[in-house]
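Visitor: Would you mind keeping the following structure in view while I ask a few things?
We did not get these values from a lab; they are worked out from the coordinates using the rules stated. What you see is a predicted model; the values in this text were computed from it and never measured. Note that we place each Cβ from the backbone using ideal geometry, even for glycine, and neighbour counts take in every protein chain shown.
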Amino acid sequence: MSSELIPFLPVNKESEAYKIILSPCNAANKSLIKKLKLFLEDNEILNGRIILTNTSVSVPVLLKTGLGDQDLLAFTVYLKGMLNMEEASSINLVSHQPENTASKGTLKNLLVQYLRDKNQDIKMFLPFIPNRYIIYPPMVLFNSNTFDNDAWNGIAGESFFKWILSLFNNCSHLAILNPIIKTDDMRRPLGFLPLYGDFGPELHEEGFDNPTEEDFKKEFWCHVIQNGIYQTWAPRRTMFSRGNIKEKSRILEFRDVQGTDVVDLYAGIGYFTLSYLAKGANRVYCWEINPWSIQGLIKSCKANNHPYCLVRKGESIPADLNEIKVVIFHESNEFACTRMKQVVKMDSTFKLNLSHVNLGLLPSSKQGWQTALDLINLFNTTTMIHVHENIHIENFQEQIELIRLNLSSSNEVELSFVHKIKTFAPDIWHVCIDYRICNY
């Protein structure tokens, strides 16, 4: 038995149930599943039947009680190494505790019964009862026009929200999320509405733009683990898009990332940066202007054991980047070429082995296209550029070709792939368009 495994094994027969999720499920990972099964049996932690679906493999296991998120992440990293994750796209570990009470009877049915017990006119409430919710531990998040509607006045108080929390395991906060304001360059969740729980001090504009370490410390942070990657953010300060998991998973399938460099011109809290690092990127150079997003990225880098450095506007780049996996620039990405020239000046032997440039800004990343091309031309490389856009279905082919032409001013550009990520509005898709930029 490996000494690295011991911290995760049950002690004195006290254990907690989890599920290991492997995806995708296909013929290529039959040997991987067999290897995992034998490994779990040898260590006496397999906890039932392995279930195969069309898309994934679910493996029940028993682990030590009281493991925290960092422990679970460490166990996932251990499994990745043991299984040689080149053989599979992703691995995740999820709790297999009894279901939330809300999911057993559906939250809607439970709320109807609650209102009936309180002798309320149920018809008045029906349009404003949430049909779904999202859990980002330790927070439950509801859509707008639910508990924020005036219909709930007089009902939605402290005791009501405590009752709702009692339906969920290990949750302490409730909130409403309204749509992001399209004109806000920093994509702040200005419509975020706390319902219950301590989310931190009262918001003020200075705290958004120039937060202190004390501000970071007092703020409420939630998290999620997707594809075995830990991500955290302050929900009052930065957005989180659950739909991006499709693109994160796709990045984990790229075969040309290992040992190369990546540029993320709109890093946010690390949506895609962390996936490139998990796939084995040598280093990711990130640009981001929202200080709260940067703090989320820093926290996630620490949690996922990726050494990083932070360079603010006007600051010098550290002379020694040898051990650094993530260079985070807190400034506009218009300075990206200047910064990379500074790196070259520090080390004349430096050569950026640039495999991917990510442009993950919505509704359009157009303002970053030329910066991406300038970086590619600076190092004379052939690189895949990932252009995120919101496109109406009627303009799909026209827009894709128009973007290609815009990128073709001084380079040969090939359309490689179009990934429909999620619908953004009726007939409008958030897409990621891959173009290979050939610089000879």
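Visitor: Could you order peptides 149-161, 191-203 by the average number of other Cβ atoms within 10 Å of their residues, highest first?
Guide: Most protected by this proxy first, the peptides run 191-203, 149-161.
Visitor: Length gain on complete extension for the stretch Arg116 to Lys80, per 0.36 nm per residue less the alpha carbon to alpha carbon distance?
Guide: Here the answer is 8.0 nm.
Visitor: Right, next: If each DSSP helix of 4+ residues adds -39,500 (n - 2.57) and the sum is divided by the residues in the chain, what number results at 222 nm, nearest 500 deg cm²/dmol? Display every interim value, and only then the final one.
Guide: Numbers: 14 runs with 126 residues, N = 440.
Mean residue ellipticity at 222 nm (helix-derived): -8000 deg cm²/dmol.
Visitor: Once you've got the Cα coordinates, tell me which of Lys162/Lys248; Lys246/Lys299; Lys64/Lys217 are over 25 Å apart.
Guide: With Cα atoms farther than 25 Å apart: Lys162/Lys248; Lys64/Lys217.
Visitor: Cα centroid distance between segment 118-177 and segment 348-395, in Å?
Guide: 42
Visitor: So what is the relative contact order for the chain, in percent, with contacts set as C-alpha pairs under 8 Å and at least six apart? Provide the component values of the computation, followed by the final result.
Guide: Values: 760 pairs, mean separation 40.8, N = 440.
Contact order relative to length: 9 percent.
Visitor: Highest mean first, how do 168-177, 224-233 rank when packing is the count of other Cβ atoms within 10 Å averaged over residues?
Guide: Peptide ranking by packing, descending: 224-233, 168-177.
Visitor: Taking a quarter of the surface of the Cα convex hull of segment 276-337, what do you get in nm²?
Guide: 4.3
Visitor: For segment 314-365, how big is the tail of P(r) above 19 Å, as a whole percent of Cα pairs?
Guide: 33
Visitor: Ok, one more. Angle between the Cα long axis of helix 69-83 and the longest principal axis of the chain, 0 to 90 degrees, nearest 10?
Guide: In the chain, helix 69-83 runs at an angle near 60 degrees to the longest axis.
Visitor: Classify segment 369-431 as rounded, prolate or oblate from the Cα gyration tensor: take a ≥ b ≥ c as the square roots of its eigenvalues, call it rounded if a/c is under 1.5, otherwise prolate when a/b beats b/c and oblate if not.
Guide: prolate
Visitor: Mind ordering 65-77, 349-361, 259-271 by average Cβ neighbours within 10 Å, highest first?
Guide: Top of the packing list down: 259-271, 349-361, 65-77.
Visitor: What is the helix-to-structure angle for 107-117, meaning the angle in degrees between its Cα long axis and the longest Cα principal axis of the chain, kept from 0 to 90 and rounded to the nearest 10?
Guide: Result, in degrees: 30.
Visitor: With N set to the number of residues, divide the alpha-carbon radius of gyration of segment 308-403 by 2.2 N^0.38 Å and report two decimals.
Guide: 1.25
Visitor: Shifting gears a bit: On each of the three principal axes of the Cα atoms of segment 198-260, give max minus min coordinate, whole Å, ordered largest first.
Guide: Each principal axis gives a Cα extent; for segment 198-260 these are 45, 24, 17 Å.
Visitor: Can you list, bin by bin at 10 Å, the percent of alpha carbon pairs in the chain, starting at 0?
Guide: 4, 18, 27, 27, 17, 6, 1, 0
Visitor: For segment 101-209, compute the orientation-averaged projected area of the C-alpha convex hull (one quarter of its surface), in nm².
Guide: 7.9
Visitor: Counting other Cβ atoms within 10 Å, keep those with at most 11, restrict to DSSP loop, and tell me which trypsin sites (Lys or Arg not before Pro) in segment 217-321 are left. Spell out each step's value before the answer.
Guide: Working: sites: Lys217, Lys218, Arg236, Arg237, Arg242, Lys246, Lys248, Arg250, Arg255, Lys279, Arg283, Lys299, Lys302, Arg312, Lys313; in loops: Arg236, Arg237, Arg255, Lys279, Lys313.
Taking segment 217-321 and a limit of 11 other Cβ atoms within 10 Å, the loop trypsin sites (Lys or Arg not before Pro) found are Arg255, Lys313.
Visitor: Could you tell me whether segment 222-345 comes out rounded, prolate or oblate from its Cα gyration tensor? Rule is a ≥ b ≥ c as square roots of the eigenvalues, rounded for a/c under 1.5, then prolate if a/b exceeds b/c, otherwise oblate.
Guide: Because a/c hits 1.5 or more and a/b fails to exceed b/c, segment 222-345 counts as oblate.
Visitor: With only alpha-carbon atoms counted, please give the Rg and Dmax of segment 242-438, in Å.
Guide: Here Rg and the maximum Cα pair distance are 16.1, 51 Å.
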